[in-house]
Amino acid sequence: MCGIVGYLDRSGSVDAPVGAKVLGMLEALACRGPDSSGIALWGAPAEGLVLRVKVGEQGDPARAREILRLAGRHGRVQARATGASIIRFEIAKADAGALAAAIEAVASGVEVVSMGRQLQIVKRVGAPTNLEAEFGVSHMTGTHGIGHTRLSTESRVDLSHSQPFWAHGTPDLAVVHNGHITNYHRLRRGYEQEGVRFYTENDSEVIGVYLARQLARGASLQEALEASVRDLDGSFSYLAATPDEFGYAKDPYCLKPLLVGERDEAVALANEEIAIHAALPGAYRAREAGAAAVGVWAIPRRARHAGRSAGRREIAGRGLDGPGVLR
Amino acid sequence: MTVIDCEGRSLREVNGAIRRAIAGGETEILVRHPGARHNLAVAILEGVRITIDGPVGYYCGGMSDGVRLEIRGSAGWGVAECLMSGTVVVEGNAGNGAAASIRGGTVAIRGHAGARAGIAMKGGQLLIGGDCGYMTGFMMQRGRIVVCGNAGPAVADSMYEGVIYVGGEIAALGNDAVVAEASADELADLRAVLTQHGIRGPGRFRKIVSGRKLWNYDKKELDVWRAAF
């Protein structure tokens, strides 16, 4: 199962109540994934990099202090907040890769859960209500967000195996997935031979690694998602986003659900309509995505590009505007 | 008419209220605020009229026999699956597996249908006002599917019997699906049935039937089998 949701506020304001929207959608899909829940949200750009670091499954104040001390060697550590299991801080001007490596060397359970100027990921074991209690996500604002409720089928249930997955090493890119990537082990072996580190045994983690490498080669998100439909095997509906774009991809056999709900002021994606209904009360257009369908929306920027609205770029004859075409 | 509001009620309470109304002799039921919840109005075995005023989740109206159900919104996966007789009308779009395994009755979707619409149909008819998705009519055994818009890939794959009419483009025929000539009588009948269910069809339709090559194994047709499996 697993619940996946996504919400894009088309107003272009970084102060849109996206946290509350995504939380409401996740609560509607809580029954699809009782094991863990999480939200990735893209908000106002920070001066430097914002990091959320898992201190350990249980939390450890001494270790948290050690992480902050080490981070301070890489740049000036600003606003910080410590939660039970995740600490958040902002660091001005740092080499992202070296910083993450240094932090993760503190202890084996330490993991940088998210990094970016706009991306923030919060996740934990249990229902979305716990997410609200620990992180107050309903007060988080931004332009868009994605969320996940997990029903574990193969790998263990803990914070690291929860979604959304940050694409380690690529600031601001995150993914949520419903389904099963059946060529995961083959893909992972190939990436590991190239030196990529995997943090979990969760097959969904490979999607972020795949997209990060596509984007690093210069592919657009649209191109990366299209390529993934060919290269990933198995059943999948997944959502991926960066500060500039927000999209989905669906497997060629339509084995997993994904509904696209739209209204002039927002886009809501979810694998059950009950979540879209929660995000868009009243009338909206909703349609099941087709075989091998890919959709990408540009994030409007009210401040930077006045008057530009979130357009949908989708390939003709595929996705929502026509029947899916098997490639 | 009995009005049942879903708000503040569990699914079991809603379906229980529908059942109690029917047991009390009610023939007209209006279900309000369905909120896209799953399994609404399932296994209705009486010829009552049920209107659901909004979107529904998965399996709405499934396992029913004789019901006259109207959904004033969209429907999730498996709407009206295993319908034995009666009518299920969806005003909006439907998810995957619409009218799966129905044995009789009519399922009319005024909008678009997702993948595997009418999979393993054993009778009855499925009318789709818009497009249909991947593998519509897969392993269909009897009955008819009418698609007014475009058909997705692998339409009519491995069908045994039955007929699929497509008004728009066909992305790709499925294994052992062949295009046949539709008679003037058939087309006139299609138009009448579509009009009866509030769907405006196109002027022309292509008819797809089973090529029957997969009925029996023939080693000379090994390639067909290879493609099918």
Exercise. Looking only at region B:1-19, which residues are part of a loop (DSSP other than H, G, I, E, B) and in contact with a helix residue (DSSP H, G or I) (Cβ under 6 Å, 6 or more places away or on another chain)?
Worked result: B:C6
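Can you tell me how many residues within region B:159-172 are away from chain A (no Cβ under 11 Å), more than 15 Å from B:G130 (Cα to Cα) and part of a loop (DSSP other than H, G, I, E, B)?
So the count comes out to 4.
Let's see how each residue does on (1) over 28 Å from A:P45 (Cβ atoms); (2) surrounded by fewer than 24 Cβ atoms within 10 Å (Cβ to Cβ); (3) more than 10 Å from chain B (Cβ to nearest Cβ):
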position	(1), (2), (3)
A:D231	yes, yes, yes
A:S237	yes, no, yes
A:G247	no, no, yes
A:Y253	yes, yes, no
A:L269	no, no, yes
A:P281	yes, yes, no
A:R285	yes, yes, no
Seminar exercise, completed: Among residues of region B:73-93 being of a type in the set (A, V, I, L, M, F, W, C) and away from chain A (no Cβ under 11 Å), the residue surrounded by the most Cβ atoms within 10 Å (Cβ to Cβ) is B:A80
Problem set entry | Qualifying positions in region B:136-153 - within 14 Å of chain A (Cβ to nearest Cβ) and not in a strand (DSSP E or B) | B:T136, B:G137, B:F138, B:C148, B:G149, B:N150, B:G152, B:P153
For this session: Would you check if there is a residue in region B:20-37 being under 28 Å from B:A115 (Cβ atoms), away from chain A (no Cβ under 14 Å), touching a residue at least 24 places away in the same chain (Cβ under 8 Å) and in a loop (DSSP other than H, G, I, E, B)?
Result: no
Problem set entry | Among (1) among the hydroxyl-bearing types (S, T, Y); (2) in a strand (DSSP E or B); (3) closer than 23 Å to A:Y284 by Cα, the one test that B:Y58 misses | (2)
Problem set entry | Options B:A156, B:A115, B:A177; residue that is within 10 Å of chain A (Cβ to nearest Cβ) and crowded, with 20+ Cβ neighbours inside 10 Å | B:A115
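Residue by residue, here is whether (1) at pLDDT below 95; (2) buried (at least 17 other Cβ atoms within 10 Å of the Cβ) holds:
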residue: B:G149; (1), (2): no, yes
residue: B:E161; (1), (2): no, no
residue: B:Y165; (1), (2): no, yes
residue: B:G201; (1), (2): yes, yes
residue: B:W215; (1), (2): yes, no
residue: B:R226; (1), (2): yes, no
For this session: Output the number of the condition that B:R12 fails; it satisfies all remaining conditions of (1) free of Cβ contacts under 8 Å to residues at least 12 places away in the same chain; (2) of a type in the set (K, R); (3) buried (at least 21 other Cβ atoms within 10 Å of the Cβ).
Result: (3)
Exercise. Do the conditions hold for B:A99, that is, is it closer than 22 Å to A:K256 by Cβ, in contact with a strand residue (DSSP E or B) (Cβ under 7 Å, 6 or more places away or on another chain) and more than 14 Å from chain A (Cβ to nearest Cβ)?
Worked result: yes
For this session: Keeping to region B:78-96, report how many residues are closer than 20 Å to A:H277 by Cα, touching a strand residue (DSSP E or B) at 6+ places or on another chain (Cβ under 8 Å) and assigned to a loop (DSSP other than H, G, I, E, B).
Result: 6
Problem set entry | Positions within region B:118-133 being more than 8 Å from chain A (Cβ to nearest Cβ) and in a loop (DSSP other than H, G, I, E, B), in sequence order | B:G118, B:I119, B:A120, B:M121, B:G129, B:G130
Problem set entry | Filter pass, A:S220 being surrounded by fewer than 19 Cβ atoms within 10 Å (Cβ to Cβ) and within 14 Å of chain B (Cβ to nearest Cβ) | no
Exercise. Which ones in region A:130-169 are touching a helix residue (DSSP H, G or I) at 6+ places or on another chain (Cβ under 7 Å) and over 26 Å from A:I91 (Cα atoms)?
Worked result: A:T149, A:L151
For this session: For A:V22, state whether it is part of a strand (DSSP E or B) and surrounded by 20 or more Cβ atoms within 10 Å (Cβ to Cβ).
Result: no
For this session: Kindly establish whether B:E70 is under 23 Å from A:C31 (Cβ atoms), touching a strand residue (DSSP E or B) at 6+ places or on another chain (Cβ under 8 Å) and either surrounded by fewer than 23 Cβ atoms within 10 Å (Cβ to Cβ) or among the charged types (D, E, K, R) (or both).
Result: no
Exercise. Restricting attention to region A:58-79, which residues are farther than 17 Å from A:Q120 by Cβ, outside any loop (DSSP other than H, G, I, E, B) and of a type in the set (G, A, S)?
Worked result: A:A62, A:A64
For this session: Taking B:Q141 as meeting all but one of (1) within 27 Å of B:Y217 (Cβ to Cβ); (2) surrounded by 18 or more Cβ atoms within 10 Å (Cβ to Cβ), write down the number of the exception.
Result: (2)
Exercise. Where residues in region B:45-61 are crowded, with 24+ Cβ neighbours inside 10 Å and more than 10 Å from chain A (Cβ to nearest Cβ), which of them is nearest to A:A270 (Cα to Cα)?
Worked result: B:C60
Exercise. Among the residues of region A:5-19 satisfying the criterion of being of a type in the set (G, A, S) and more than 15 Å from A:A278 (Cα to Cα), which is surrounded by the fewest Cβ atoms within 10 Å (Cβ to Cβ)?
Worked result: A:S11
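Determine which member of the set A:S85, A:S138 is surrounded by fewer than 16 Cβ atoms within 10 Å (Cβ to Cβ) and among the hydroxyl-bearing types (S, T, Y).
After applying the criteria, what remains is A:S138.
Do the conditions hold for A:P243, that is, is it assigned by TED's automatic domain parsing to the domain that holds A:T170, part of a loop (DSSP other than H, G, I, E, B), modelled with pLDDT of 95 or more and under 28 Å from B:A94 (Cβ atoms)?
Working: assigned by TED's automatic domain parsing to the domain that holds A:T170: yes; part of a loop (DSSP other than H, G, I, E, B): yes; modelled with pLDDT of 95 or more: yes; under 28 Å from B:A94 (Cβ atoms): no.
Here the answer is no, as A:P243 does not meet what is asked.
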Problem set entry | strands (runs of 3 or more DSSP E) completely within region A:80-132 that count 3 or more residues being under 20 Å from A:E205 (Cα atoms) | A:111-116, A:119-125
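The values are calculated or read from the model by the stated rules, or taken from the named source; none is laboratory data. Since we're looking at a predicted model, the values are computed, not measured. Every residue, glycine as well, gets a Cβ built from its backbone with ideal geometry; the counts of neighbours run over all protein chains shown.
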